[in-house]
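The structure appears right after this line, and notes come after that.
What follows draws every value from the coordinates through simple rules; no lab data is involved. It should be emphasised that the depicted structure is a prediction, and the values quoted were computed from it without experimental measurement. Note that we place each Cβ from the backbone using ideal geometry, even for glycine, and neighbour counts take in every protein chain shown.
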Amino acid sequence: MRARQKRELDRVSPRRRGGAENAKETRQPLRSPRLRGAMASCSKLLAFLSIAFLTIAANAETLTVGPSPARFQTIQSAIAAAKSGDTIQVQPGAYTGRFILDKQLAIEGVGKPVLRGEGRGSVVIMIADRCSIRGFVIEHSGGDLQAEDSGLLLKSNENTVAGNELRDTLYGIYLYHSQRNMIRGNTVRGRRELEVGSRGAGLHLWNSPDNTIEENTITDARDGMYIQSSPGNNIRRNRVFGVRYGLHYMSSDSNKFEDNVFSDNVAGAAIMYSRKIELRRNAFIHNRGFSSFGVLFQDCEENVAEENFIIDNATGVFAEALRKSVFRHNVIAENDLALEIFSSSAQNLFVENNFVENLSPLRLIGKHSDTRWQEGGRGNYWSDYRGYDLDSDGVGDVAHKVQNVFEYLEGDYPRLRLYLSSPAAQALAAAEQAFPIIKGSSEKDGAPLMKPIAIHFPLEKPGPAAPARSLFALLSLSLAGTAIALMWRGRLR
């Protein structure tokens, strides 16, 4: 019986048997005939696609458009003659009409040729996937807002739009149900002669996820970037100025904004009805107008704002129904009002931010807020903090009240902010601090920092020709607000 059990055990257990060959066989995956057939089919498909790609690349041509002796005198005739995968190279000059890319083509301009529309509809329309257009001036679209008349209208995926100048267009670049595109290094100037409400956006995304938008410059539009129902985009190193909203943003989750500058607009950014937005190293500078702000959050949650510069705005941060969001390592300086927070906002954290020389730190709309002002024994730096640090641990020994004596007056009469820096107002504030008789908000930072957080922000991108072009290695916050605002206003004009 034992011999029989041993033989049975050896049959099912190669380790007990000690057979290296059988153990090796056991480690190999078991594959059914159906699985082997599917894998073979996938291998054949990949091989076919590789051959097809190589064949297309080998047969691709470059078609030249320009004055005689160029093969084509019009871009439309070159598009009609081209095969998928071809390149159309356009010589200097002006070319009029509507340009529709209905096959996979690369359109390249030499010496910035002009693509001039006919004053109706869009100038360039991309219908086919994986097209590219580079190096053109695109101008003179139609003027119908409802028809989305644009300089460049994308209705396809995986395209590249790079190094173009768009001018005299209603919308600049319009992405309509268009995914995984690269929009890089373009300049968009809207129709400045129109009223702001009659212009289109410089860059408009509708139902267009997973795009990369970088190093573009936008001005004289209604909104610099209007983004709706478009999640998963990466938007970085863009410059937007001279518009209504630098960023107008609705119902679009999980987007990243990094190293952008929004300056000299009516409002910097309006972010609404969205979740998991990441704002890092952006600058919102000198955005002023009626009911203006640097950054507005409306009915949003789980957002992160880190290392942003919110400077010289009417209101720095406006938060209504903002929930579960974190503000860390931001510079909020030289604003008339640093923060306006509604009691509908909940579970937000402000920690290790630098609040520098704002006329007023906070206006609280409602009876109370559960905003947290510290974490891990560290709060924020407040330039108007008058406490002390006897144990020299870098944290004030006395809590900082996040308010001023004029908080409630400001809520009813915002224009009073103009007088807050007057000698009379400062005397009243000092008297109130010494002998408090006016009940203000209950917001307190229990661990105020004695020194500002040093934040690195590369206002200029270092390059090989100028390795030290980063304007500030460590920002000296006592000089931050006015200096940076004036500098950027001068550079962007």
Quick calc, Ser442 & Asp384: beta-carbon distance into FRET formula, R0 22 Å, rounding 0.05, result 0.75
For a 29 Å ceiling on Cα separation, which of these pairs sit above it: Lys83/Lys256; Lys256/Lys401; Lys112/Lys155; Lys103/Lys256?
Lys83/Lys256; Lys256/Lys401; Lys103/Lys256
Determine, from the Cβ-Cβ distance of Ala147 and Asp370 and an R0 of 41 Å, the FRET efficiency 1/(1 + (r/R0)^6), rounded to the nearest 0.05.
0.30
Working out 0.36 nm times the residue gap between Ser251 and Leu194, then minus their Cα-Cα distance, what length gain in nm do you get to one decimal?
17.7 nm
Pull out the extension gain between Glu278 and Trp206, defined as 0.36 nm times the separation in residues minus the alpha carbon to alpha carbon distance; nm, one decimal.
24.0 nm
The stretch 317-387: GluC sites (Glu not before Pro) in DSSP loop, at most 13 other beta carbons within 10 Å:
none
Suppose R0 equals 25 Å. What FRET efficiency, 1/(1 + (r/R0)^6) with r the Cβ-Cβ distance, do Thr96 and Ala70 give to the nearest 0.05?
0.90
Pseudo-spin-label distance Lys103 to Val304, built 7 Å along Cα→Cβ, given in nm, is 4.6 nm
